[in-house]
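The values are calculated or read from the model by the stated rules, or taken from the named source; none is laboratory data. Quick caveat, the model's predicted, so the values are computed rather than measured. A quick note on method: Cβ atoms are made from the backbone with ideal geometry, for glycine too, and the neighbour counts reach across all protein chains shown.
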Amino acid sequence: MTRSTLALTAILLGGLAAPGWAQTPPAPPSDQASKPPAPLPATDPSLQVATVRLEGGYRASKVVGAAVYNADNQQIGTVDDIIMNHENHADLVVISVGGFLGVGGKLVALPYGKVERADNGRVILADGSKDNLAKLPSFTYAQ
């Protein structure tokens, strides 16, 4: 190739690349620089949540606030809280006993293994009674 052909080729190739530079978006004005970045699209794999069907498990949010029944199907209290241990296992169940609509009740704590979940979703303390729970020491939350 001659020099003129090489020069012409370089000019043509340079001209083809120039429109790509012109299409680059301009920098945002300084008043938009402080805006947070746009959220990632929902299809971003880093935002995907793994779902697993847990057989025999249940959500703690469905237990807290649930009525507690004894073996005679009498309501004896309400689940106030579930206390987790350092190994992330349920350690204690805090039950509110007595009172009316959550007012004036007493909180007591029992080992979590003492209660069970029935198939109908009820929380059962089989050997419990209001009187026996009321005799237990009061549970208080640490500050």
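Some values worked out for this structure:
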read-out: Count - residues of segment 70-94 that are in contact with a Gly (Cβ under 7 Å, 6 or more places away or on another chain) and at positive phi; value: 0
read-out: Residue, farthest from the chain's Cα centre (by Cα), within segment 123-135, restricted to residues that are loosely packed, with under 15 Cβ neighbours inside 10 Å and in a loop (DSSP other than H, G, I, E, B); value: ASP127
read-out: Flag for ASP80 being out of contact with any Cys (no Cβ under 6 Å at 6 or more places or on another chain), among the acidic types (Asp, Glu) and at pLDDT below 85; value: no
read-out: Count - residues of segment 94-107 that are in a strand (DSSP E or B) and either in contact with a Cys (Cβ under 8 Å, 6 or more places away or on another chain) or exposed (fewer than 10 other Cβ atoms within 10 Å of the Cβ) (or both); value: 2
read-out: Residue match in segment 125-132 (condition: at pLDDT below 85 and farther than 22 Å from ALA60 by Cα); value: no
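Residue-by-condition table, conditions (1) in a strand (DSSP E or B); (2) hydroxyl-bearing (Ser, Thr, Tyr); (3) surrounded by 11 or more Cβ atoms within 10 Å (Cβ to Cβ); (4) at pLDDT 75 or above:
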{"residue": "ALA27", "(1), (2), (3), (4)": "no, no, no, no"}
{"residue": "SER30", "(1), (2), (3), (4)": "no, yes, no, no"}
{"residue": "LEU40", "(1), (2), (3), (4)": "no, no, no, no"}
{"residue": "THR43", "(1), (2), (3), (4)": "no, yes, no, no"}
{"residue": "THR51", "(1), (2), (3), (4)": "no, yes, no, no"}
{"residue": "GLY57", "(1), (2), (3), (4)": "no, no, no, no"}
{"residue": "LYS62", "(1), (2), (3), (4)": "no, no, yes, no"}
{"residue": "ALA109", "(1), (2), (3), (4)": "yes, no, yes, yes"}
{"residue": "ASP119", "(1), (2), (3), (4)": "no, no, no, yes"}
